[in-house]
Amino acid sequence: MAAVSKITAAMPDLLAARSQMAMSLGFHIVFAVVGIGLPALMVIAEWRWIRTGDGAYLELAKRWSKGAAILFAVGAVSGTVLSFELGLLWPGFMRFAGSIIGMPFSLEGFAFFTEAIFLGVYLYGWNRVSRTAHLFAGIVVAVSGVLSGIFVVIANAWMNTPAGFTMVGGDAVDVRPFMAMANAAAFPETLHMTLAAYTGTGLTVAGIHAIAVLRGNKSVFHRHALAIALTLGAPAAILQPLSGDVSARSAAVHQPAKLAALEAHFETQRGAPFHIGGWPDVDERETRWAIRIPRGLSLLAFHDPNAEVKGLDTVPRDQWPPVAIVHIAFQVMIALGTIMALVSVWALWRWWRGRTIDAVVADRRLLRAIAFVTPMGFLAIEAGWTVTEVGRQPWIIHGVLRTADAVTPMPGLVVPFLIFTLLYLLLGAIVVYLLRQQIVRAPTQ
Amino acid sequence: MSLTLAEVAAWIIVVALNAYVLFGGADFGGGVWDLLASGPRRQQQRDVIAHAIGPIWEANHVWLIVVVVMLFVCFPPAFAAFGTLLHIPLSLMLIGIVLRGSAFVFRSYSYGPRSEQRRWGRTFAISSLITPMVLGMCVGAVVSGHVGTAMTALDSGTASFASIYVRPWISPFSIAVGAMTVALLSFLAATYLTIEAAGDRALQEDFRNRALGAAVTAMALAIVALVLGAGNGVMARLIRPGWATLVIGGSGVAALTSAAALLQRRFQLARVAAGAWVTLILWGWVLAQFPLIIPPDLTINAAAAPDRTLAETMAVLAGGAVVLIPSLWYLLRVFKGSGQPIESPGEPQRN
Ligand code: HDD
Ligand code: HEM
Ligand code: HEM
């Protein structure tokens, strides 16, 4: 098509489109993750209130639900932007893939509906429905949040490991939507993402309340909050490296170029070492200044110290993803994940030894560690998505369609990119400001 | 007339669009009345609007997502064409959607000074006006056939930027359709609000007068749009005898009924007739355009996804509807049934 060849020449438009997509997704994921994790926190708090009659739990559920109202609204509008952007920026992708990966998006639509409906009941229905009905509404919100995340990540997994169609002369025929959903990366990605959402929300909330305690506010309110947030976040953070291992092995089999890039692994070899840190020099095809763990990569990727790991040398040069970005993002995710898992083990161990959350509250060093990891879950999520998405380049659909062939022919894309970036910066600042108001007004007794 | 699977899918999309217009559209209309709030009861007007929208706008908004998703699953080439050719107005609409939704919650949940709340209120109101205006202009651009023509021009690779990406949606006709959309949705909202304000006679009168004003405006703009569009194929079929004409005639009857009911203060009847009016205009348009998805050439069947995708998507929709319809009914029963004011601990006291 004439239009397509016209734009492949114009790299800046492609870059602008990719940047706008990355920025929109990087923004949305924050709210999406909260949309998965926060309802679980509210529901646990409300359930504890119903069980114990302790008003601090009710206060907590109400506080969190106010935060949820703000964050959900921004999640909903930024998600709407994304659904349109699929067509605004990637019409070539949608023309090819719409009928194949529409199924998870359709299912997601229903999850959004139940989520929005029962969120309305939850937020505005405290005095209108019975306690049980109210708790039930919260549970529906929590479950549909998880399902929304799972469905959309399945669509993304399909971009990594496409399935459910047959290619005939550049066209997809014999389309089987449900088979497309059952693609190879679907399980590892959805598991990893769901745990990431619980890790991110749980540890961030725990961190915020740990900071309040460190500042001298030891109210029941903050202690309950810390307990609930750790209950959600800590086990997830401990499981996350295991689930990451499943993801890495899936990538080793289905996306060797991505695995090679995230490990900065240039040469195919048996007993391949694992690189910690280091800078990949793409021209020289070697990774400098890295700490090498002998046979580590073979062990991680295939659970066999002598297994052969394909390097970037097996991939034509024009199909390499940007190696440095992917490698560094991967290192960041692993480092943050390791720290969070260790702090979580520490916290759970203290809690278990001391039997009540007071043991955690009394340990200032531990509290400082929890406060230290506050932003890490979200940073790891952004890093992880960078690995997944940049690591898939130059493909929008791995091995099937190039990103450059999917972009819109519309010129001047830098303009919408800048406008949406400004809009989101503004929105982000306002959200932070409003949430601070909510937190500052938390009870001190 | 036997329909293909693709045509059935298209009608389902129209039903979802219809729901979006009746529910989500009225929320935008409410924002317009927030912008135009005036007189001694200005603050009460805004409060009724906020309470009417608060619990339900997110659910109402999902109808739009359903329309978008159905469109790209069932008609990928049409979705790609809309995304490409209507890039600019759709981006403007998105900015409107983002600002409307977030400013609305920011206003409800802010502890800041009144001036700050007022600023968000204004953002909410202005974006409520712009969003349906631009959406209407996009519809106008499709109906007039300009999008279809631009699509051909783009493939031939010779046309200028303005003729492909700008002119199709900026024409007197599409502007008239945009303005009519705003007027219709404002009318719808004002009619609903007469019922929300049932406890307060004076407030109810405010909204009744507004509804009547909007109805007259919408009728006038509808006539303007008909005249301006008379030259294009789709609009011509609205006027020529056929199903579409019948439906449009019906919409005229509904319009007069709702106006008469408002005059007689029969607000429940006015609400039903108002919904019928808007619905019939939508269906009249769709019937006149059938079987085209992008006039003048692209048909629903030519743009459709493979049958298997269509069939499986419809099966999922049917299954989902079993969960969805009772849930929606429950939501409306909780918040719209009893007429008692909505107490929300989620909303701070204004101070
Ligand atoms: C709390 C966040 C978090 C933490 C602690 C980790 N990850 Fe992660 N990771 C993600 C959040 C995340 C993510 C953002 O959720 C991604 C992006 C796509 C996905 O499925 O999950 C991801 C992707 C992702 C991928 C790419 C999958 C693919 O594209 O096919 C691999 C190989 C790993 N992760 C491996 C790990 C390992 C070995 C970890 C050990 C500590 C780890 N992750 C911790
Ligand atoms: C191309 C990618 C994506 C698209 C098109 C998209 C679309 C959307 C839309 C339209 C909404 C609003 C629903 C509503 O009105 O309530 C939304 C919300 C949500 N999305 Fe996304 N999304 C994308 C990526 C993701 C990812 C990667 C996740 C992973 C966790 C996710 C999880 C959620 C969740 C949990 C919500 C509901 C919570 C909230 O509203 O904050 N989304 N998304
Ligand atoms: C919310 C979490 C996500 C984040 C933070 C994220 C991040 C990114 C980034 C950084 C890029 C740019 C990559 C590059 O061009 O170098 C990108 C591209 C893209 N992503 Fe994602 N992504 C997420 C989830 C998803 C999901 C769930 C989908 C689809 C279902 C998706 C679809 C796309 C598409 C279509 C592109 C553009 C084409 C491309 O660059 O390959 N993303 N995303």
Max mean-square fluctuation residue, GNM over chain A, Cα-Cα springs under 10 Å, options A:THR268, A:THR388, A:THR161: A:THR268
C-alpha center-to-center spacing [the range B:271-336, the range B:9-24] in angstrom: 4
Taking the alpha-carbon centroid of each part, what is the distance from the range A:104-132 to the range A:377-443 in angstrom? 26
Provide a whole-number value for the mean count of partner chain Cβ atoms within 10 Å of the Cβ atoms in peptide B:42-55. 1
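What value, in deg cm²/dmol to 500, does the helix sum -39500 (n - 2.57) over DSSP H runs of n ≥ 4 give at 222 nm once divided by the residues of chain B?
-25500 deg cm²/dmol
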How would you order B:281-288, A:18-25 from highest to lowest mean count of nearby Cβ atoms within 10 Å? B:281-288, A:18-25
May I ask you to list the lysines whose Cα is less than 23 Å away from that of A:LYS218, ignoring any residue fewer than eight positions away on the same chain? A:LYS62, A:LYS66
Please work out the Cα center distance from the range B:123-149 to the range A:140-194, rounded to the nearest Å. 33
When you look at the Cβ of every residue in A:87-97, what mean number of other chain Cβ atoms sits within 10 Å? 6
Averaged across A:54-66, how many Cβ atoms of other chains sit within 10 Å of each residue's Cβ atom? 1
Cα→Cβ-extended label distance, 7 Å offset, between B:VAL253 and B:ALA236, nm: 2.8
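Taking loop as defined by DSSP and a crowding limit of 16 other beta carbons within 10 Å, which trypsin sites (Lys or Arg not before Pro) in the range B:248-313 fit?
Within the range B:248-313, the qualifying trypsin sites (Lys or Arg not before Pro) (loop, at most 16 other Cβ atoms within 10 Å) are B:ARG265, B:ARG266.
What does the extension gain come out to for A:ALA359 and A:LEU242, with contour length at 0.36 nm per residue minus their alpha carbon separation?
Gain on stretching A:ALA359 to A:LEU242: 39.3 nm.
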Okay, helix-only estimate at 222 nm for chain A: each DSSP H run of n ≥ 4 adds -39500 (n - 2.57), divide by all residues, round to 500 deg cm²/dmol; what do you get? -25000 deg cm²/dmol
If you wrap a convex hull around the C-alpha atoms of the range B:177-228 and split its volume per residue, what is the figure in Å³? 44
FRET efficiency estimate (nearest 0.05) - Cβ-Cβ, A:ALA429 to B:GLU116, R0 22 angstrom: 0.95
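Output the peptides B:156-162, B:180-186, B:205-211 sorted from most to least packed, where packing is the average of other Cβ atoms within 10 Å over each peptide's residues.
B:180-186, B:205-211, B:156-162
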For the protein assembly as shown, count all C-alpha to C-alpha pairs, find those more than 36 Å apart, and express that count as a whole percent of the total. 47
Candidate lysines for bridging to A:LYS310, where Cα separation is under 22 Å - those fewer than 8 sequence places away on the same chain excluded: A:LYS258
Efficiency of FRET between B:GLU205 and B:ALA162 - r from beta-carbon atoms, R0 35 angstrom, step 0.05: 0.15
With label points built 7 Å along Cα→Cβ from the Cα atoms of A:GLN319 and A:ARG350, find their separation and express it in nm. 5.0
Using the per-residue mean of other Cβ atoms lying within 10 Å as a proxy for protection, in what order, highest first, do the peptides A:375-386, A:45-56, A:193-204, B:218-229 fall? A:193-204, A:375-386, B:218-229, A:45-56
What FRET efficiency, computed as 1/(1 + (r/R0)^6) with R0 = 45 Å and r the Cβ-Cβ distance, is obtained for B:VAL272 and B:ALA311, rounded to the nearest 0.05? 0.80
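In nm, what is the difference between 0.36 nm times the number of residues separating A:THR52 and A:TRP289 and their Cα-Cα distance?
79.7 nm
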Relative to the present Cα-Cα distance, how much length would full extension add between A:MET23 and A:THR338 at 0.36 nm per residue of separation? 110.8 nm
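Every number in this text was worked out from the coordinates using simple rules, so none of it is lab data. Please read these numbers as outputs of a predicted model, since none were measured by experiment. No Cβ is skipped: glycine too gets one built from the backbone with ideal geometry, and neighbour counts run over all protein chains shown.
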